[in-house]
């Protein structure tokens with residue numbers, strides 16, 4: 001018997017995910033006020049909560065269907081919002097933010113269409129998608145750190161991070177679409193085999 005939505009919301013890992021969503025306006029307001037130290041601290045706390053909710057969901061046996069959707073949504077909202085705000089503040093080039101947001105929109109639209117029109121239900125992220133997320137997190141952190149600790153190594157790593165995110169975002173999007181094509185072909189072949 002599936003747990004009710006309210007029961008799923010009350011699970012501790014999902015409450016942590018909701019807390020992470022609550023961090024977003026405070027991180028934004030800190031950046032807009034030029035308080036990058038506070039913004040970075042909140043960003044790190046959000047990252048810690050992200051790690052904790054997954055760990056607790058597994059160790060406490062509190063994995064829920066809601067959590068499977070809510071966790072990546074919270075991550076994407078936090079990262080996408082930070083790219084937008086930091087580009088508005090001229091700390092990250094707009095071309096990078098446009099590529100990051102475009103990738104998410106394209107993948108969302110394609111997966112929604114595939115979900116609605118085919119029996120395919122495997123939309124798990126690829127290793128390149130995960131690497132891209134790690135690169136985005138590191139670059140956002142370095143961008144905020146750069147504003148109050150402009151050490152040469154921070155500046156260098158931030159620049160490298162921006163280029164890595166730019167390239168990896170494009171590559172991971174193309175790879176995901178290619179992989180989705182392979183999954184669709186496998187589903188079609190299974191259907192043909194069953195029919196014959």
- [ ] Output the number of the condition that residue 113 fails; it satisfies all remaining conditions of (1) exposed (fewer than 13 other Cβ atoms within 10 Å of the Cβ); (2) in the same structural domain as residue 49 (by TED's automatic domain parsing).
- [x] (2)
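Conditions tested, residue by residue: (1) at pLDDT 85 or above; (2) crowded, with 21+ Cβ neighbours inside 10 Å; (3) under 22 Å from residue 89 (Cα atoms).
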{"residue": "14", "(1), (2), (3)": "no, yes, no"}
{"residue": "26", "(1), (2), (3)": "yes, no, yes"}
{"residue": "31", "(1), (2), (3)": "yes, yes, yes"}
{"residue": "35", "(1), (2), (3)": "yes, no, yes"}
TODO: Please specify each residue of segment 85-105 satisfying the condition of being loosely packed, with under 14 Cβ neighbours inside 10 Å, within 19 Å of residue 75 (Cβ to Cβ) and in contact with a helix residue (DSSP H, G or I) (Cβ under 9 Å, 6 or more places away or on another chain).
DONE: 102
Open item on the list: Can you report the number of residues in segment 182-196 which are surrounded by fewer than 12 Cβ atoms within 10 Å (Cβ to Cβ) and either part of a helix (DSSP H, G or I) or on the phi > 0 side of the Ramachandran plot (or both)?
Closed with: 8
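The values are calculated or read from the model by the stated rules, or taken from the named source; none is laboratory data. Predicted, not measured: the structure shown is a model, and the values here were computed from it. Reconstructed Cβ throughout: ideal geometry from the backbone, glycine too, with neighbour counts over all protein chains shown.
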